[in-house]
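First up is the structure itself, then whatever we jot down about it.
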Amino acid sequence: MTTAEYNQCVDRHADGVYRFVLKNLRDEDRARDIVQDSFEKMWMKRDEIDGSKARSYLFTTAYHTMIDSIRRERFSTGMNEVAHNEHAYHDGYSDLKEILDEAVARLPDIQRSVVLLRDYEGYSYQEIGEVTGLSESQVKVYIYRARTTLKNYIGSLDAVI
């Protein structure tokens, strides 16, 4: 990958990678750090990366960096913080988007990641498999389960309103 291809990759994909990581983490600072780390890792291996595969490499790197960050956070999170977050109750809503975001946030990490890659970023099943290290059939199963969970959580529109 040349420097020009790297710069084009930054221009084209920085926002998409940031949105993907932010939707998963819901923390702007951590999302920016992960995107920056991903581009740094890509820069370090620019000689080994084919310019046409840069997007896939970037999302794969961001995904794995994000998973590592989540694991580190879980390891260092105290019990009081976990108990407080799990038992929080929010009465009412102000927007359907908030309900959908809450439903997506409740999904297991892998299901949330594949749904966001498919429905928010527009990746194909094969590309998602490359990013996450799953087979295409596993990706389809996780997406199906995630969508079923979302449907059950949101229920009918009448119940939400």
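Details
- Qualifying positions in the stretch 25-52 - modelled with pLDDT under 85, basic (Lys, Arg) and under 18 Å from the mean Cα position of the chain (by Cα): ARG26
- Evaluation of VAL17 against (1) within 18 Å of the chain's Cα centre (by Cα); (2) of a type outside the set (Lys, Arg); (3) outside any helix (DSSP H, G or I) (one fails), failing number: (3)
- Number of the exception - MET1 against (1) farther than 18 Å from LEU117 by Cα; (2) surrounded by fewer than 19 Cβ atoms within 10 Å (Cβ to Cβ): (2)
- Among residues of the stretch 102-117 being touching a residue at least 60 places away in the same chain (Cβ under 8 Å) and of a type in the set (D, E, K, R), the one that is surrounded by the fewest Cβ atoms within 10 Å (Cβ to Cβ) is ASP109.
- Annotation: of all residues in the stretch 118-161 being among the hydrophobic types (A, V, I, L, M, F, W, C) and modelled with pLDDT of 85 or more, the one that is surrounded by the fewest Cβ atoms within 10 Å (Cβ to Cβ) is VAL141.
- Looking across the stretch 13-24 at every residue that is surrounded by 13 or more Cβ atoms within 10 Å (Cβ to Cβ) and either in contact with a strand residue (DSSP E or B) (Cβ under 6 Å, 6 or more places away or on another chain) or charged (D, E, K, R) (or both), the one that is modelled with the lowest pLDDT is identified as LYS23.
The values are calculated or read from the model by the stated rules, or taken from the named source; none is laboratory data. Not measured: the values here are computed from a predicted model. Neighbour counts run over all protein chains shown; Cβ positions are idealised from the backbone, glycine included.
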